[in-house]
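Some notes on the structure that comes next.
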Amino acid sequence: MTTLLFPGSFDPFTRGHRDIARRASRVCDKLYVAVMHNDAKNHFFSRDERVYMATESLKAYPNIEVVGYDGLLVDVYKETGCNAVVRGIRSESDFRYEAEMALANRLLHPEYDVVLLPCRDDLSLISSSIVKEVGHYGGDISKMVPAEIVDFISEKLKKGRN
C-alpha cells in the first residue's frame, strides 16, 4: 500500500492546497494531510480551525485523511507509515527550500523521501498570506479558497478586522 503525507500549516487552506492533495491522492492508496504547527509562523487560524477547513475542502476524496499534528514532520511521517512526503512548489525558491528541508529531514530519518508537485499555473500565485491580506480588507477570496470554506474564512477575517 502506498501512503503519502502532505504536510503544511494551511493557514488558511487554499485552492492550491486542495489541488496538490487531489493530485497526490490519485497516485497513492492513502494520503494524510497533516495540519502542522510552525513556530516560525504566527497562525491566524487555530489548529482545530485549520483541520476543519482542510477536512471540509477534501470531503470528496475518500482516500484522504486530515490529521492535526504538533511536532516534527519526521515523527508524523513514521507514525503514519508513509512512503514519501508530497510538497507543492510554485517557484524556484520553493524548490530550493524543499530540497533543503528534505536533506534536513533525511538526517533525522534516513528513510525520509519527498515528491515535489509543481502547482498549476492558474493557482501558482495563491498563498495563504495573500488570502489573509485580501480577506482582511474585505476583498473577494472566492477564487482563492475552496467554496466549502469561503464563508468560514471571510467571517473569521472580518472578526479579526474589528
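Select from segment 51-62 the residues that are surrounded by 15 or more Cβ atoms within 10 Å (Cβ to Cβ) and either over 12 Å from the mean Cα position of the chain (by Cα) or closer than 22 Å to residue 133 by Cβ (or both) and list them in ascending order. Those that are surrounded by 15 or more Cβ atoms within 10 Å (Cβ to Cβ) and either over 12 Å from the mean Cα position of the chain (by Cα) or closer than 22 Å to residue 133 by Cβ (or both): 52, 53, 54, 56, 57, 61.
When the test is whether a residue is out of contact with any Phe, Trp or Tyr (no Cβ under 8 Å at 6 or more places or on another chain), under 24 Å from residue 157 (Cα atoms), surrounded by fewer than 20 Cβ atoms within 10 Å (Cβ to Cβ) and of a type in the set (Asp, Glu), residue 48 passes it. Residues in segment 20-46 that are out of contact with any strand residue (DSSP E or B) (no Cβ under 8 Å at 6 or more places or on another chain) and not aliphatic (A, V, I, L, M): 22, 26, 38, 39, 41, 42, 43, 44, 45, 46.
Taking residues in segment 81-108 that are part of a helix (DSSP H, G or I), and partners anywhere that are among the hydroxyl-bearing types (Ser, Thr, Tyr), the pairs with Cβ atoms closer than 9 Å and at least 6 places apart or on different chains are 102/112; 105/77; 105/112; 106/112.
For the structure I just gave you, tell me whether residue 127 is modelled with pLDDT of 95 or more and either within 19 Å of residue 38 (Cβ to Cβ) or exposed (fewer than 14 other Cβ atoms within 10 Å of the Cβ) (or both). Criteria not met by residue 127. Within segment 109-133, the residues that satisfy the criterion of being outside any helix (DSSP H, G or I) and under 30 Å from residue 150 (Cβ atoms) are 115, 116, 117, 118, 119, 120, 124, 125, 126, 127.
Out of 85, 76, one residue alone is in contact with a helix residue (DSSP H, G or I) (Cβ under 7 Å, 6 or more places away or on another chain) and not acidic (Asp, Glu). It is 85. Of all residues in segment 9-51, those being farther than 15 Å from residue 84 by Cβ and either touching a Leu at 6+ places or on another chain (Cβ under 6 Å) or without any contact (Cβ under 8 Å) to a residue 40 or more places away in the chain (or both) number 16. None of 90, 106 is surrounded by 15 or more Cβ atoms within 10 Å (Cβ to Cβ), basic (Lys, Arg) and farther than 15 Å from residue 9 by Cα except 90.
Considering every residue within segment 134-153, establish whether at least one is over 18 Å from residue 11 (Cβ atoms), modelled with pLDDT of 95 or more, part of a loop (DSSP other than H, G, I, E, B) and in contact with a Phe, Trp or Tyr (Cβ under 8 Å, 6 or more places away or on another chain). Within segment 134-153 (the criterion being over 18 Å from residue 11 (Cβ atoms), modelled with pLDDT of 95 or more, part of a loop (DSSP other than H, G, I, E, B) and in contact with a Phe, Trp or Tyr (Cβ under 8 Å, 6 or more places away or on another chain)), the answer is no, since none of the residues qualifies. If I filter segment 26-43 down to residues being at pLDDT below 95 and surrounded by 13 or more Cβ atoms within 10 Å (Cβ to Cβ), which single residue comes out as nearest to residue 151 (Cα to Cα)? Only one residue tops the list, namely 43.
The values are calculated or read from the model by the stated rules, or taken from the named source; none is laboratory data. The model shown is predicted, which means the values in this text are computed figures rather than measured ones. Reconstructed Cβ throughout: ideal geometry from the backbone, glycine too, with neighbour counts over all protein chains shown.
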